[in-house]
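To start, the structure under review is shown below, and the notes come after it.
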Amino acid sequence: MSSLSDKLQSAPFIRLLVPFITGIVLGDLFRPEFKWLFLCLSICCSLLLPFFITISFKRATVFGLIQVPVFLFLGLFFSIDLRYVPRQLEDKEYFAVIVEYPLEKEKSNRAIIRLLEPKIKILAYFEKKEAPLLVEPGSVVWFKGKPELLQKTGNPFEFDYQAYAIRNQIGHRIFLKNSAYHFLNVKPIPNLQEESLIIRDRLLNILEKCGLKGEVLHLVSAVSLGAREELEAETTQSFSKTGVTHVLAVSGMNVAIIFVVLELFLRFLNRKKWGILLQTAIIIVAVWGYALITGLSASVLRAAAMFTFIVVGKSLERNANIYNTLAASAFVLLCYTPSLVYDVGFQLSYAAVFSIVYFHPFIYGLVYCKYWVIDQIWIMLTVSMAAQIGTIPFLLHYFHQFPTWFLLANLMVIPLVTVILYLSFIVFAVAPIIPFLGILMTKVLDWAGQGMLFSVHFVERLPYSVIEGLYPSDLLLFLFVLFAILFTAFLFYKNRYLLTASLITLIFFFIIKDISTYARLNQQEVIVFNLPGKSLIALTSGCETIWLTSGQGNTAKTLKPYIKPYEGYRGISKSSIICLTDSICIKKPQFACMANFINFKGFTFSILNDRKVKPYKTEVYPQYDLIILAGRNQPKFDKNFQSDLSSFLIDCRSYSPSHEPDISNPVRTEAPKNFNTTVGGAVQIKLCKTAEGYRAKSYGYFTSD
């Protein structure tokens, strides 16, 4: 711990990685034509570096400072140059290759396909036929249609699937009816990744033929080969709540198990110089071979690249700086795919490894165990504890929960992961040659899988197993992490300046927290969500929200993906859901509702659905502050109705392909109070109190604040 500064000083890749990542993040702010400017600036700055390569302290400092803009501009160039910008596609015939095994849905089969021309990937939904869809990666399909661009729904605080898909080079989707597609009877043309998926499927068939079935089969498939598509949602949720969801994704931990075990068994090769090279070669082949049979997913490729750098670094120099090795692997990966910087798995992997390298030696040294078994348990606990320290900020930011019993869960699950991993390898190797022995080993594998399920469910049922509803703002989370870093550094280095800085950070944290709390107590807003064909409206006053929806099928459970993040970030402590019907009648001091006509603190609005829009004359309706159009494929209002309308008009209707919305309507484009949620996303109206009641203070499409 005390030599951290020395280790960082001898880790040049960390000094390069920080400005490089900064450039990648800032690259999203610039247009594509700026990339050549940034490349030229990077080259110009790099030409200055040879003049400052000297042992002089002053020149060495300048040399280090010049490196910052070099890699900052280089990160900007890579970010813009490798950014995927989807374009509109024509309505015509296409030929494509299936990239993955189709995933069966209720009414369709979903798969990612790779167009032969243009060479892009799109998300395809194939309407189900009578016969099951039996195709494998590399199969060629003909289809006719127009792939549509993925749209951002724009609802408050929800997961941005559009940005996620585009960062994975997918910008379009298409729904294909049975008559619009046909699989060709030609030889498959898979690439390496698709070949690896076929290999993985063959191995999964071995497990199934040996008698493994049910949820245990799906669990073993996920742990050993990363095939978690068939895993039940309840099981995935249980693993998440207990803090061991990482075992379901083939990533750093799985590769680490292979690395550690092989290094242990091949340690005898270290006695000779050629033995070190042989050990390195065997481990690298094993790591990348495992990546191949698990489908070459992004997570396992990251882990394989990371451990390859570690193995090579150890073989070239016995005392290699692990921080520099990790930073170098991250730098290379980001040069190839800059969008990885936004990938949750990438962030968690490197945060966990850096945290283990830094914290584990200190935590492990707190207790000495002379008994081997107890020492191994202590090692396992301290590794889990060290990894959790580094990943806590990401768990709060992305998952909004903290598993309190994660140490117990990891202690019970990680040994079983090791058993499942190596038993699976034995079954894959033995079952095709000696079927009886393969079936016998599968029985043991089944017991290990059942033991893992029992362990996870046992920990999940413990009291206070998970703390949920943690929605800190980015600023508060940043200040908290900064305080933790500064205070931890003070504890180890006893520097009074670090203590002062940590206390100042803590003061700012509480000031910002109090300001946020005050703002939440005084918030008054109406949010109209983007749910085509449905109505979902949030009426928020302070820390209380009334949810309005239409349709009996809309319940708290079905609407949870929209309600939970909004209430979490807005600090809502009390909420209720009202389903609007023709006969509903509610009268409260601050809220009144009759059928689809609502009065919220004097702010009045009407929800006009399929049954309500019959007479198209304004005198039928009173003057409202807000009119919401909901339903499916409603006819348009006539010109007189629209031209006389002085209130907000929000269109939430969904349209069939034969009835596209007329976005070019002059009334909609000229009137600043007309909004279309299907085009711009959810609409936010902030209210303020006046003598006549609450009125709109500001309005527009929702942006997080």
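Considering only residues that are part of a helix (DSSP H, G or I) and charged (D, E, K, R), look in segment 185-229 and name the one that is surrounded by the most Cβ atoms within 10 Å (Cβ to Cβ).
Filtering first and then ranking leaves R200.
Test each condition in (1) more than 32 Å from the chain's Cα centre (by Cα); (2) among the β-branched types (V, I, T); (3) not assigned by TED's automatic domain parsing to the domain that holds I485 for T500 and report the one that comes out false.
Only one criterion in (1) more than 32 Å from the chain's Cα centre (by Cα); (2) among the β-branched types (V, I, T); (3) not assigned by TED's automatic domain parsing to the domain that holds I485 is unmet by T500, namely (3).
In segment 198-214, what residues are out of contact with any Ser or Thr (no Cβ under 7 Å at 6 or more places or on another chain) and either more than 16 Å from V430 (Cβ to Cβ) or without any contact (Cβ under 8 Å) to a residue 60 or more places away in the chain (or both)?
Listed by number, the residues that qualify are I198, I199, D201, R202, N205, E208, K213, G214.
Hey, any hits in segment 84-98 for a residue that's crowded, with 17+ Cβ neighbours inside 10 Å, of a type outside the set (A, V, I, L, M) and modelled with pLDDT of 90 or more?
Among the residues of segment 84-98, at least one is crowded, with 17+ Cβ neighbours inside 10 Å, of a type outside the set (A, V, I, L, M) and modelled with pLDDT of 90 or more, which makes the answer yes.
Would segment 172-183 turn up any residue that is modelled with pLDDT under 90, under 29 Å from G345 (Cα atoms) and either surrounded by fewer than 18 Cβ atoms within 10 Å (Cβ to Cβ) or touching a helix residue (DSSP H, G or I) at 6+ places or on another chain (Cβ under 9 Å) (or both)?
No, the conditions are met nowhere in segment 172-183.
When residues of segment 591-601 are filtered for being in contact with a Leu (Cβ under 9 Å, 6 or more places away or on another chain) and under 22 Å from G542 (Cα atoms), how many remain?
5
When segment 105-157 is examined, which residues are found to be assigned to a loop (DSSP other than H, G, I, E, B), of a type in the set (V, I, T) and touching a Leu at 6+ places or on another chain (Cβ under 9 Å)?
I120, T153, listed by residue number.
May I ask you to list the residues in segment 366-418 that are over 21 Å from Y350 (Cβ atoms), of a type outside the set (A, V, I, L, M) and crowded, with 19+ Cβ neighbours inside 10 Å?
W405
Just to be sure I understand, how many residues within segment 264-304 are farther than 12 Å from S251 by Cβ and touching a residue at least 24 places away in the same chain (Cβ under 8 Å)?
Residues in segment 264-304 being farther than 12 Å from S251 by Cβ and touching a residue at least 24 places away in the same chain (Cβ under 8 Å): 12 in total.
In segment 550-578, how many are in contact with a Ser or Thr (Cβ under 9 Å, 6 or more places away or on another chain), at pLDDT 85 or above and not in a loop (DSSP other than H, G, I, E, B)?
10
What's the number of the only condition in (1) buried (at least 22 other Cβ atoms within 10 Å of the Cβ); (2) closer than 20 Å to E215 by Cβ that S238 fails to meet?
(1)
Please work out which residue is farthest from I546 (Cα to Cα), limiting yourself to segment 484-526 and to residues that are modelled with pLDDT of 90 or more and touching a Ser or Thr at 6+ places or on another chain (Cβ under 7 Å).
The selected residue is S516.
With the checklist (1) modelled with pLDDT of 75 or more; (2) crowded, with 16+ Cβ neighbours inside 10 Å; (3) farther than 27 Å from F702 by Cα in hand, flag the one item K587 doesn't pass.
Unmet for K587, out of (1) modelled with pLDDT of 75 or more; (2) crowded, with 16+ Cβ neighbours inside 10 Å; (3) farther than 27 Å from F702 by Cα: (2).
I need every pair where a residue in segment 328-345 that is under 16 Å from A163 (Cα atoms) has its Cβ under 6 Å from the Cβ of a residue that is among the hydroxyl-bearing types (S, T, Y) and at pLDDT below 85, sequence separation at least 6 or different chains.
G345/S299
Can you tell me which residue among N155, N109 is closer than 28 Å to A682 by Cα and buried (at least 18 other Cβ atoms within 10 Å of the Cβ)?
It is N155.
The values are calculated or read from the model by the stated rules, or taken from the named source; none is laboratory data. Source: prediction; values computed, not measured. A quick note on method: Cβ atoms are made from the backbone with ideal geometry, for glycine too, and the neighbour counts reach across all protein chains shown.
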